[in-house]
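What follows is a set of notes on a single structure, which appears directly below.
The values are calculated or read from the model by the stated rules, or taken from the named source; none is laboratory data. Owing to the predicted nature of the structure, the values given are computational and were not obtained by experimental measurement. Every residue, glycine among them, receives a Cβ derived from its backbone with ideal geometry; neighbour counts consider all protein chains shown. All accessible areas refer to the heavy atoms of the entire protein, side chains included, with ligands and DNA or RNA removed. Shrake-Rupley method; radii C 1.70, N 1.55, O 1.52, S 1.80 Å.
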Amino acid sequence: MPAIVVRAMPWITLLAAGCSPSAPAEPLPDKVPSSAAALKARCAQLAPLHSPPSVTIEGDWLTEHAEPGQTFAEYLREDPTLAQGERRRLYVLPIGYFVGARRRVLDRTAEALGLWFGLEVTVEAPVALETLPERARRRSPHGDWQQVHSGWLMQRVLRPGLAADAACRIGFCTADLWPGAGWNFVFGEASLVHRVGVWSLHRDGDPERSDAEFRRCLLRALKTATHETGHMFGMRHCTAWSCNLAGANHQQEADRQPWRLCPECLPKLLWATNVDAGARFASLARFCAENGLADEHAWFERAGRLWQAAK
Ligand SMILES: [Zn+2]
Ligand SMILES: [Zn+2]
């Protein structure tokens, strides 16, 4: 049986250099302004709030995918997608049947995406699964549920409709996703260069069952949404810290990872979007308080205080 995998990244090449929190400071590319170095230095002062990657156990992402990570300097050298000029809006395309609690998960995740990236968000009219062609769908080989081909959604649905003011366009699907032969499923998939991606609610639990289940489902959706959208801004998988941009091979591994960006990945997001980090921490803390995410609320509060002190 092929390995259960999540968060595939097609259309990329692997980097040659590794990424470690203990690595010596490396020079930034000559062409970037000195503000990049200041950004990196200030984010480094949040290190006490972060943890090293959890110990990898058999079946985890890094036991099956040899990835070197990506430092901030490496990210800058790749000329990543930036939210600049007229491209200051995230588009969310619902794909599937969103009613009741699933609609609330969708709307709150869209709100959080706006806060996470500091961008405006437009939630588009839903696309019905029944309108997708047969070749883009299948029954899962492991159960009686429908799967939609994630690459097809990106290439044939999301890319053609990319608006002029779109920084990125994100599909949010109620059906399970699979990326092609040899894969069981993916939680989500995104392109590092084409500004599109898609993720699925299918494996996030039943948000209708209870308030606790709703919060668990919401947190899983938040993690996947921000992870995949980070890829769309050129952020590769993180191996340096316990981080939202780390790869995850199964649900338990995804649940172990925190909803936060590490000192190596946060400067990438700030560089790509120009969002004010202090305001971002404050708004995410408020969002978490409003949605019963107590641990995340406490962390964003602490991060906001430390960020101000790190001036
Ligand atoms: Zn990923
Ligand atoms: Zn990271």
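Only residues that are surrounded by fewer than 19 Cβ atoms within 10 Å (Cβ to Cβ) and under 17 Å from the mean Cα position of the chain (by Cα): list them for region 68-98, please.
Hits for region 68-98 are Pro80, Leu82, Arg89.
Scan region 102-131 for residues that are surrounded by fewer than 18 Cβ atoms within 10 Å (Cβ to Cβ), assigned to a helix (DSSP H, G or I) and of a type in the set (A, V, I, L, M) and jot them down.
Listed by number, the list holds a single entry, Leu129.
Which of the residues that make up region 299-311 are part of a helix (DSSP H, G or I) and open to solvent by less than 40 Å² (accessible area, probe 1.4 Å)? Full working, then the answer.
Restricting attention to region 299-311, the residues satisfying the condition of being part of a helix (DSSP H, G or I) are 299-309.
Passing the criteria: Trp299, Phe300, Ala303, Gly304, Trp307.
What is the one condition in (1) outside any loop (DSSP other than H, G, I, E, B); (2) surrounded by fewer than 21 Cβ atoms within 10 Å (Cβ to Cβ); (3) of a type outside the set (A, V, I, L, M, F, W, C) that Gly180 does not satisfy?
Result: Gly180 passes all but (1).
Quick one: is Ala166 open to solvent by 30 Å² or more (accessible area, probe 1.4 Å) and of a type in the set (A, V, I, L, M)?
no
Yes/no per residue for (1) assigned to a helix (DSSP H, G or I); (2) touching a His at 6+ places or on another chain (Cβ under 9 Å):
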position: Gly205; (1), (2): no, no
position: Glu208; (1), (2): no, no
position: Phe214; (1), (2): yes, no
position: Leu219; (1), (2): yes, no
position: Ala225; (1), (2): yes, no
position: Glu228; (1), (2): yes, no
position: Cys238; (1), (2): no, no
position: Trp241; (1), (2): no, yes
position: Leu245; (1), (2): no, yes
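Report the residue count in region 30-67 for those that are of a type in the set (Gly, Ala, Ser), in contact (Cβ under 8 Å) with a residue 24 or more places away in the chain and open to solvent by 70 Å² or more (accessible area, probe 1.4 Å).
Here the count works out to 1.
Taking interchain pairs and intrachain pairs at least six residues apart, which have beta carbon atoms under 6 angstrom, with the first residue in region 244-255 and within 9 Å of Asp60 (Cα to Cα) and within 14 Å of ligand 1 (Cβ to nearest atom) and the second in a helix (DSSP H, G or I) and open to solvent by less than 40 Å² (accessible area, probe 1.4 Å)?
Gly247/Trp61; Ala248/Trp61; Ala248/Ala254; Asn249/Trp61
Test of understanding: among Trp259, Trp241, which residue is within 16 Å of ligand 2 (Cβ to nearest atom), open to solvent by 30 Å² or more (accessible area, probe 1.4 Å) and under 26 Å from Leu82 (Cα atoms)?
Trp241
Condition first: surrounded by 15 or more Cβ atoms within 10 Å (Cβ to Cβ) and basic (Lys, Arg). Now tell me which residues in region 132-155 satisfy that.
Across region 132-155, the qualifying residue is only Arg137.
Give me a count of the residues in region 187-207 that are open to solvent by less than 10 Å² (accessible area, probe 1.4 Å) and farther than 13 Å from Phe172 by Cα.
Number of matching residues: 2.
Give Ala254, Ala277, Ala248, Ala310 a once-over and let me know the one that is modelled with pLDDT of 95 or more and of a type outside the set (D, E, K, R).
Details: Ala254 fails: modelled with pLDDT of 95 or more; Ala248 fails: modelled with pLDDT of 95 or more; Ala310 fails: modelled with pLDDT of 95 or more.
Going through Ala254, Ala277, Ala248, Ala310 in turn, just one is modelled with pLDDT of 95 or more and of a type outside the set (D, E, K, R): Ala277.
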